[in-house]
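Here, each number is a calculation from the coordinates, and none is a lab measurement. Everything numeric here is computed off the predicted structure, so don't read it as measured data. Neighbour counts are summed over all protein chains in view; Cβ atoms, including those assigned to glycine, are modelled from backbone coordinates with ideal geometry.
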Amino acid sequence: MIRADRPLLPLLVAAALLLAGCLGPPAEGDPSLRHDYSYEVSVAVDHPVDDLVLRLPLPSVNGSSVLGEALANGTGYGVRPGWGVAVVEANGTPLLELRAERFMPGYRGTPVALAPGEEPPLFTPAPPATCRSESNPILMPYSLGASITVNRTIETRDPAGREPLLGGGATLAPVGCDLPGQGTGVRCYRHPVAAFADYRPDEAANISVGVRVSGSNQWWRGGWVFNQYTDSVLVEFPDGLRGGITADAALTVGEGVYS
């Protein structure tokens, strides 16, 4: 009986190695393999403002922003009628410029929580509004962005200088990665990015802008498997603040499956 059990160990090791090989990145000829960049911007303004101008971080590399150009030339999503979107430059760094003669906030009602198996209540939700009220207390951001697919592997473990990062990814400072569930190869950085806001207010507004870019390689192995990097920042202009500011973007690299 002892002799019969011994061959199981090398078989289990071989099976583990085979599984790791199946999960790792496939060859470029694999039809399921995809390489994608995604750029997302969310803008929330709590009061109507006139003549709004926002200049926001763009993902760029070597002074060029392909994702910014895609959004500016109309191949992105989420640009509302009456908005103007362009790529501008400040100190050699591309920025996304968003202009609107009149920017209106959007408020929604509170979602109704349902227990498992519970029927939704029979009522008509209040229509969206441009001012906060008891029936519409939640400020909803506007979202816009662009995605691009390329035909090469994206460098997701060491993207600096090779892949689009917010503000070009200058001056990366290593920091600890404190999110649960991240692998041992994940690394995190902080780096400064510039932003600007101006408007002619009806009253002082609070403006909050979230910006995120990601680059990922994905493939199918009984489910979607991927590796990626993400770079994101939250920029806030509270209590009528206008002009230029600097905020710290958070870059996370090496997430996902590599071998």
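Using the crude model of +1 on Lys and Arg Cβ and -1 on Asp and Glu Cβ, and no other charge, please compute the dipole size for the stretch 34-179 relative to its Cα centre, in debye to 20.
220 debye
For the modelled label position 7 Å from the Cα of SER133 along Cα-to-Cβ, which residues of the stretch 94-117 have backbone nitrogen atoms closer than 17 Å?
Residues passing the 17 Å test: 105-111.
Under the rule of at least 5 residues apart or a separate chain, name every residue whose amide H is placed under 5 Å from the amide H of ASN227.
ASN217, VAL257
Loop-only check: which trypsin sites (Lys or Arg not before Pro) in the stretch 67-148 are DSSP coil with at most 14 other Cβ within 10 angstrom?
ARG132
Quick one: what are the phi-derived ³J(HN,Hα) couplings along the stretch 208-224, Karplus 6.51/-1.76/1.60 with θ = phi - 60°, whole Hz, x for glycine and proline?
10, 10, x, 10, 8, 10, 9, x, 9, 10, 10, 8, 9, 9, x, x, 6
Can you find, among ALA173, ILE207, THR184, the residue farthest towards the positive end of the dipole of the stretch 146-259? Put +1 on the C-beta of Lys and Arg, -1 on that of Asp and Glu.
THR184
If you take the square roots of the eigenvalues of the alpha-carbon gyration tensor of the stretch 57-143 and sort them as a ≥ b ≥ c, do you get rounded (a/c under 1.5), prolate (a/b over b/c) or oblate?
prolate
Nearest 10 degrees, 0 to 90: what angle lies between the long axis of helix 8-23 and the longest principal axis of the chain (Cα atoms)?
So the inclination is approximately 30 degrees.
Could you give the size of the charge dipole of the chain about its Cα centre, using +1 on the Cβ of each K and R and -1 on the Cβ of each D and E, expressed in debye and rounded to the nearest 20?
With only Lys, Arg, Asp and Glu charged at Cβ, the dipole is about 760 debye.
Determine, for THR110, THR149, the number of other Cβ atoms within 10 Å of each Cβ, and report the residues in order from fewest to most.
THR149, THR110
Just to confirm my numbers, what's the Cα centroid distance between the stretch 66-114 and the stretch 156-170 in Å?
After rounding, the separation between the Cα centres reads 22 Å.
Order by neighbour count: ILE154, ILE138, fewest other Cβ atoms within 10 Å first, most last.
Placing the least packed residue first, the sequence is ILE138, ILE154.
Suppose we take every Cα in the chain and form the convex hull; what volume per residue is that in Å³?
Once divided by residue count, the hull of the chain is 206 Å³.
At most 13 other Cβ atoms within 10 Å and a DSSP loop assignment: could you name the GluC sites (Glu not before Pro) in the stretch 146-255 that fit?
Answer by residue number: GLU203.
For every helix of n ≥ 4 consecutive DSSP H residues, a contribution of -39,500 (n - 2.57) applies; sum these over the chain, divide by its total residues, and give [θ] at 222 nm rounded to the nearest 500 deg cm²/dmol.
The helix contribution divided over the chain gives -3000 deg cm²/dmol.
Spelling out what I want: for every residue of the stretch 198-207, take phi, set θ = phi - 60°, compute 6.51 cos²θ - 1.76 cosθ + 1.60 (Karplus), and round to whole Hz; glycine and proline get x.
Those phi angles translate into 8, 6, 9, x, 5, 7, 4, 10, 9, 10 Hz.
Starting with the highest mean, order 184-191, 163-170, 73-80 by the number of other Cβ atoms within 10 Å, averaged over the residues of each peptide.
163-170, 184-191, 73-80
Sorting LEU241, LEU71, LEU56 on the 10 Å Cβ count, fewest up front, what's the list?
Lowest count first: LEU241, LEU56, LEU71.
Could you rank the peptides 61-69, 113-121 by their average count of other C-beta atoms within 10 Å per residue, with the highest value first?
Descending mean neighbour count gives 61-69, 113-121.
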